[in-house]
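J.: First the structure, which I've put down as structure tokens, then a few questions once you've had a look.
The values are calculated or read from the model by the stated rules, or taken from the named source; none is laboratory data. A quick note: this is a predicted structure, and the numbers were derived from the prediction, not measured. Positions of Cβ are generated from backbone atoms using ideal geometry, with glycine treated the same way; all protein chains shown enter the neighbour counts. To get the accessible areas, we keep the full protein, side chains included, count just its heavy atoms, and leave off ligands, DNA and RNA. Shrake-Rupley method; radii C 1.70, N 1.55, O 1.52, S 1.80 Å.
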Amino acid sequence: MRSHGGCSLHRVLGIVLGSVLLGSRQVVGLRGKLTVGPFDAHQFFFWLDVGLAPGAVVSLNVSNFRPANDTVLVILTHGQMLPLDYDYSAYTASYWRRPLHNRVVARHVIHSQKPDRFYFGVLNPQNATLLLEVDVAFVNPLGQHLPLQLAHLPETLWIGSVSFGLLLVVVILVLTLLCRHRATALHGLFVACLCFRTADLSLKWKYVELLSRTGSVPHWRWQIWQLTSNAFEICDILLLLLAALGWKVLKRRLSSTELRYTMMGTSMCSFLAVMNIIEDVSDPTRSVTLVFYVFRVVCYLVILFAVNYNLQLINIHLSENPISPTAAILYEKRQVYLNFGTIFAFIILRPFALLVLEIILLDDHSERDTWSINALSQVSEIAVYACLFVTLRPTLPMRRMAVLDLMLPHADDVPASFEDGGWQGPREINQAAGAGAGAGAGAGAAAAAAGAPLGGQPEFREELVVEYVPLPGGESD
């Protein structure tokens, strides 16, 4: 990924921060029973947006520990919610309402002509500070405890987990059968990421499937799912960071400074992930979760800097010596980093693209399902990991690693080693070049006697195919 001089640091930071926060959004209305509180609320407050079919049953239990005049508990349809735009009062049109003074306990059956999305909230025209505790439960017909827009979410998660499992099997087969002696620890980390992601989707599928049938799930299932999800995010960031720093791509090992900061960052992310589970925090605005996202933004900025730095370093070496045995390797590594930068740019912009699609598809069509956006997100994520594996795959054995145009003397003066094709690797090029220099000196004297041009400049270029034999482990120094 090339950097542009006109792109300021605050603009890049804004893009990366927005990507992280959009990518970390939780599924709205995932639980069939929502208990929140106590918390402060001001003015016009809505806490739930669910799709309900005719005949659905809604149970409300809302307590207000700071009573205020004209406070009303309401249920709005999607059509009533759109034109509201903060212009509301105690007489705002609503599907259902009940005055809220101290506490409201109600059970309501949805009577509508067609399925719709309903908004539960509190109208507070006096702008008084309320202290609310909310308990909401809903059941759609046929015992469905998920909102209608998430009705097909369990099937989507199951297909996603199976797809990631198949990708994991393919990657393991490729690494063990085709690239057994060329796989590195970076590929092992890639396999670990796929394992965590497969387990994450499997646990999420089981959680949502139980929730859709029973309406309640043991809390330990939520904690295990969140712990696996956080482990996947840490492993994913670590994979991108190490690849951007050039570990097992440009160099065998990290420097002491890179290793120290990488270990410190991984430890910090792990600590925040565990604290997130202990405090049961799923709201992105909470302190622990927000620190985790900020740390992720910092890692993304380091990845951007490392990719651009390594690309500039490779370009400098190629500009100084564009035709050399190592240049062929550097050209390949430069292409790897260009592809990696493109993939990372797509990772950053993917949440924005999904958000735009969600707005286009669902903004004015409340009856449509949001599970399709989740399915599209999983498809794009699988494509990202497939492209990432192709980019970072172990170097395949190639008999023609590079084609170099070498400046050679006249064909009659070519040393026998050139014509015999006895080249085994870059290490022998220097030896053959030394032998050629000795032979060229004698040939130069003979050419001078015959009136041939001097100065060591050849008269033609001959294309030479150089065979490169990879070092053990598929690495090249």
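J.: Among the listed residues G188, G160, identify the single one that is out of contact with any Asp or Glu (no Cβ under 6 Å at 6 or more places or on another chain) and without any contact (Cβ under 8 Å) to a residue 40 or more places away in the chain.
T.: The unique qualifying residue is G188.
J.: In the set T198, T228, which member is in contact with a Gly (Cβ under 6 Å, 6 or more places away or on another chain) and either assigned to a helix (DSSP H, G or I) or within 19 Å of L168 (Cβ to Cβ) (or both)?
T.: Going through T198, T228 in turn, the sole match is T198.
J.: For residues in the range 166-184 being in contact (Cβ under 8 Å) with a residue 12 or more places away in the chain and among the β-branched types (V, I, T), which is nearest to Y385 (Cα to Cα)?
T.: The residue in question is V171.
J.: Quickly run through the range 74-121 and pick out the residues that are farther than 22 Å from N61 by Cβ, open to solvent by 50 Å² or more (accessible area, probe 1.4 Å) and at pLDDT 85 or above.
T.: Scanning the range 74-121 gives Q113, K114, P115.
J.: Here is a further query. Across the range 231-263, what is the total count of residues that are among the aliphatic types (A, V, I, L, M) and outside any helix (DSSP H, G or I)?
T.: Here the count works out to 3.
J.: Might you check whether a residue that is closer than 22 Å to L150 by Cβ, in contact with a His (Cβ under 6 Å, 6 or more places away or on another chain) and at pLDDT 85 or above occurs anywhere in the range 126-138?
T.: no
J.: I need the full set of residues from the range 281-303 which are at pLDDT below 80 and under 13 Å from C269 (Cβ atoms), in order please.
T.: Correct list: V288, T289.
J.: For residues that are open to solvent by 40 Å² or more (accessible area, probe 1.4 Å) and part of a helix (DSSP H, G or I), scanning just the range 308-324, find the one that is nearest to A244 (Cα to Cα).
T.: So, considering only residues that are open to solvent by 40 Å² or more (accessible area, probe 1.4 Å) and part of a helix (DSSP H, G or I), the one nearest to A244 (Cα to Cα) is Y309.
J.: Sticking with this one: Quick check: is even one residue across the range 174-184 among the small types (G, A, S), buried (at least 19 other Cβ atoms within 10 Å of the Cβ) and part of a loop (DSSP other than H, G, I, E, B)?
T.: Yes.
J.: Go through the range 189-211 and count every residue that is of a type in the set (S, T, Y) and either open to solvent by 40 Å² or more (accessible area, probe 1.4 Å) or modelled with pLDDT under 90 (or both).
T.: Result for the range 189-211: 1.
J.: Take the residues in the range 125-143 that are surrounded by fewer than 16 Cβ atoms within 10 Å (Cβ to Cβ) and not polar (S, T, N, Q), then tell me which one is nearest to G215 (Cα to Cα).
T.: G143
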